[in-house]
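Beneath this line is the structure, given in structure tokens, with notes to follow.
The values are calculated or read from the model by the stated rules, or taken from the named source; none is laboratory data. Everything numeric in this text was worked out from a predicted model, so none of it was measured. As a convention, Cβ positions derive from the backbone with ideal geometry for all residues, glycine included, and neighbour counts pool all protein chains shown. Only protein heavy atoms, including side chains, enter the accessible area calculation; ligands, DNA and RNA are left aside. Shrake-Rupley method; radii C 1.70, N 1.55, O 1.52, S 1.80 Å.
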Amino acid sequence: MTSACALHTGELAFNQGYLEVARDLFVSIIRLHEGQHSYYAVKAKTLLAKIEQGLTISFNTR
């Protein structure tokens, strides 16, 4: 339940532009499920990659 709520909150933060909050939540989920192949960890890794890709793109456009 904790992972589900953190994932949902992270997605909301991501969509609202609170990338640091979203990143922290996704990292916490990944750490919680370390060594496991859970849905929550996979989803958090995917969204974290989107954040990192977006940050790279935004840094390159300046």
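Worth pointing out:
- Maximal additional length on extending the residue 2-residue 52 stretch stands at 15.6 nm, based on 0.36 nm per residue less the C-alpha distance.
- Take the chain with all the other protein chains still there, run a 1.4 Å probe, and you get 74 Å² of accessible area per residue.
- Of all complete DSSP H helices in the chain, those with a Cα span along the helix axis of 18 Å or greater and a mean Kyte-Doolittle hydropathy of 1.0 or more are 19-32.
- Value at 222 nm in deg cm²/dmol, rounded to 500, when DSSP H runs of n ≥ 4 in the chain each add -39,500 (n - 2.57): -27500 deg cm²/dmol
- Overall dimensions of the chain, expressed as equivalent-ellipsoid semi-axes from the Cα gyration tensor (√(5λ), whole Å, largest first), are 22, 13, 8.
- Averaged over residues, the count of other Cβ atoms within 10 Å places the peptides 22-29, 6-13, 33-40 in the sequence 22-29, 6-13, 33-40, highest first.
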